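One structure is given below, encoded as structure tokens.
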Amino acid sequence: MAAAGPSLPGCRSHVTHTMAETLLQASRQRRAKAMTAAAGSAGRAAVSLLLCALLALGGAYVLDDSDGLGREFDGIGAVSGGGATSRLLVNYPEPYRSQILDYLFKPNFGASLHILKVEIGGDGQTTDGTEPSHMHYALDENYFRGYEWWLMKEAKKRNPNITLMGLPWSFPGWLGKGFNWPYVNLQLTAYYVVSWIVGAKYYHDLDIDYIGIWNERTFDSDYIKVLRRMLNYQGLQQVKIIASDNLWEPIAASMLLDPELLKVIDVIGAHYPGTHTVKDARLTEKKLWSSEDFSTLNNDVGAGCWARVLNQNYINGYMTSTIAWNLVASYYEQLPYGRCGLMTAQEPWSGHYVVESPIWISAHTTQFTQPGWYYLKTVGHLEKGGSYVALTDGLGNLTIIIETMCHKTPLETWSHKHSKCIRPFLPYFNVSRQYATFILKGSFSEIPGLQVWYTKLGKPSERFLFKQLDSLWLPNGSDSFTLELQADELFTLTTLTTGTKGSYPLPPKSQPFPRIYKDDFNVDYPFFTEAPNFADQTGVFEYFTNMEDPGEHRFTLRQVLNQRPITWAADAYNTISVIGDYKWSNVTIKCDVYIETPQTGGVFIAGRVNKGGILIRSARGVFFWIFANGTYRVTGDLAGWMIYALGQADIRAKKWYTLTLTIKGHFSSGMLNGKPLWTNVPVNFPKNGWAAIGTHFFEFAQFDNFYVEAMG
């Protein structure tokens, strides 16, 4: 017998479409005894609660507040940064940029996030690029660099109650006093971080709620205490400290052994905890958060991972907040962890974006809860796999979230690999078809009905994302309902009626990066400090105005660091910013360059650059360098170890030159000021990659009239 489509909450019945229609009509005639739901054209069958009770062979789960409530819920959020993950979002054209922001932050529309966590830019490479610091140097302060200020303001516009968090990954080099270490002068580093919080308020009217220590790196107990004292001194008692954004230990044990440290830390944040915590963390009686999680491709596999950790982080580990890395995949996809955002927006040149399934997985929780709600004590695992949580606002509202995400070995069918996370490693588990009866007790026993939202991951013919079904009505005197659950499903049952699956007309179709692209950087008052589409990988490239040059090069792009930052990742020893289509092979790249450092200074333009992010030091490609000492060089790698050609050239500092690099097939050539400097240099690897500009080391240099033409 052919099976009907996804069957109803209440009880599942796999029957023919004709039988389903008959049952549906009969059920509606006796609504006092039955519940119904419909999931569009797939045709859901309905069966009475009485019949469900006869069929129910699964577990019974009590939802009760009689014995008090569980922990306070602190919200679901995502990270922008760590690093440069929102880089391409800022130059999206309207209305698409605002639409993307709505899907992320607008309440009762899309992901409806409760928390936005941002990187406090520190000038260093922090996964997919660098984010600029508000203090490149000791006497330098600028609270308009980068895009995190803008993003926080856009989030606040949509949700004035959103929680804002800041966390450093790297730090500007001057804080280290010659060491690659941020704790050389504790007061100085605390001053730097507190300045960011004060600047957020003074320049942008942003109240930062939580501040972190050093992402996934060593913490210093004395520094945390100094930071707390300085926050208090600045009147920022309301700013809470989260630590250590790494593992549960050793921070939890340190807190138990140090009463002052225990007092000044408000939240213990762990990364990728695998839904579990440790005894010491629980003994602190502090809030426990998964302060970075997910980090998985945003297809249905990633969606299943996200659904599972959102429930089980609390069930297994008492974590009251889960924060996804990352917010939106708005960086070149071939960088590390490409498309590991809740949605994808990596084509500002076309306006194309994709509302991926993790957005709607988020909505199952975020649209029907708020920070300040409480988990019930009665939450847990389902008998045949999966889990359920329930939360209440204490005012009579109840939200139940049930997930049955499955994870089998790779040899099993595709539909049963839906919740495998990239990290951390999770043990094998399975989910079987089951009936689950939920019994409402305590203040919930009189609830007359629940709204129902449903997601099914899997084959396109069976797939639903955040579908509202007909309400589930509880018959008079009934305090229970039964669901038939199958693998890879997510249900939200709630008393709230405000949920919405927001939508906009489809964005423009996907297009590759333009084959011909140019930028003269002639922007008098740039809204953002970085030029569109350039993705800094080491160093920071900013719009610059040459006040003493009224001519052609008054407005340029300048590399502004002359000191290596306190690194988080393996930054290159050269600075580099990439741009374009990773698939480009045959290209001509042309750019005016200006070396500012006499004798030792140098700059380059490059093509076929094949690596970025935390792998930038090992990038290969074709690099055309000129140096202030009157030499040029052609190398096959950024580090400069593979020398293809070298020689003398009429070059010195503080003079503009035009470089042209042409790569075609297995050969490359270069021109200086329109005249050939080197020709027919063999290039066998790599076959493709980005275009790039950069400097020989951390030094000031300028670039203008950038032009690239790709021929395939």
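The values are calculated or read from the model by the stated rules, or taken from the named source; none is laboratory data. Owing to the predicted nature of the structure, the values given are computational and were not obtained by experimental measurement. Here the Cβ positions follow ideal geometry from the backbone for every residue, glycine too, while neighbour counts run over all protein chains shown. Protein only, heavy atoms only, side chains kept; ligands, DNA and RNA dropped before computing areas. Shrake-Rupley method; radii C 1.70, N 1.55, O 1.52, S 1.80 Å.
Some observations on this one:
- Flag for Ala243 being farther than 13 Å from Arg228 by Cα and either surrounded by fewer than 18 Cβ atoms within 10 Å (Cβ to Cβ) or touching a residue at least 12 places away in the same chain (Cβ under 8 Å) (or both): no
- Only a single item in (1) more than 13 Å from Leu672 (Cα to Cα); (2) touching a residue at least 40 places away in the same chain (Cβ under 8 Å); (3) surrounded by fewer than 21 Cβ atoms within 10 Å (Cβ to Cβ) is not met by Ile643, and it is number (2).
- Note on the stretch 681-712: among residues that are in contact with a strand residue (DSSP E or B) (Cβ under 6 Å, 6 or more places away or on another chain) and of a type in the set (A, V, I, L, M), the one that is surrounded by the fewest Cβ atoms within 10 Å (Cβ to Cβ) is Val681.
- Reported count of residues in the stretch 354-379, each being more than 20 Å from Lys287 (Cβ to Cβ), under 28 Å from the mean Cα position of the chain (by Cα) and open to solvent by 10 Å² or more (accessible area, probe 1.4 Å), is 4.
- Taking the stretch 549-571 as the range and being of a type in the set (Asp, Glu) and without any contact (Cβ under 8 Å) to a residue 40 or more places away in the chain as the test, only Asp549 passes.
- Number of residues in the stretch 34-90 that are over 30 Å from Thr130 (Cα atoms), part of a strand (DSSP E or B) and at pLDDT 95 or above equals 8.
- Of the residues making up the stretch 103-127, those that are assigned to a loop (DSSP other than H, G, I, E, B), under 18 Å from the mean Cα position of the chain (by Cα) and under 21 Å from Val355 (Cβ atoms) are Lys106, Gly110, Ala111, Ser112, Leu113, His114.
- The residues of the stretch 102-144 that are surrounded by fewer than 24 Cβ atoms within 10 Å (Cβ to Cβ) and farther than 28 Å from Thr538 by Cα, listed by number, are Asp102, Lys106, Pro107, Asn108, Phe109.
- Considering (1) touching a residue at least 60 places away in the same chain (Cβ under 8 Å); (2) out of contact with any Leu (no Cβ under 7 Å at 6 or more places or on another chain); (3) not hydroxyl-bearing (Ser, Thr, Tyr), the lone condition that Asn574 does not fulfil carries the number (2).
- Test: residue in the stretch 649-667 that is at pLDDT 95 or above, surrounded by fewer than 17 Cβ atoms within 10 Å (Cβ to Cβ), of a type in the set (D, E, K, R) and assigned to a strand (DSSP E or B): yes
- Of all residues in the stretch 631-640, exactly one satisfies the criterion of being open to solvent by 30 Å² or more (accessible area, probe 1.4 Å) and not in a strand (DSSP E or B), namely Ala639.
- Some residue of the stretch 205-223 being open to solvent by less than 10 Å² (accessible area, probe 1.4 Å), closer than 17 Å to Arg71 by Cβ and at pLDDT 95 or above: no
- Matching residues in the stretch 389-445 - criterion: being of a type in the set (Val, Ile, Thr), modelled with pLDDT of 95 or more and over 23 Å from Trp360 (Cα atoms): Thr437, Ile439
- The stretch 462-488 residues that are at positive phi, paired with ones that are outside any strand (DSSP E or B) and of a type in the set (Lys, Arg) (beta carbon under 9 Å, 6 or more apart): Phe466/Lys501
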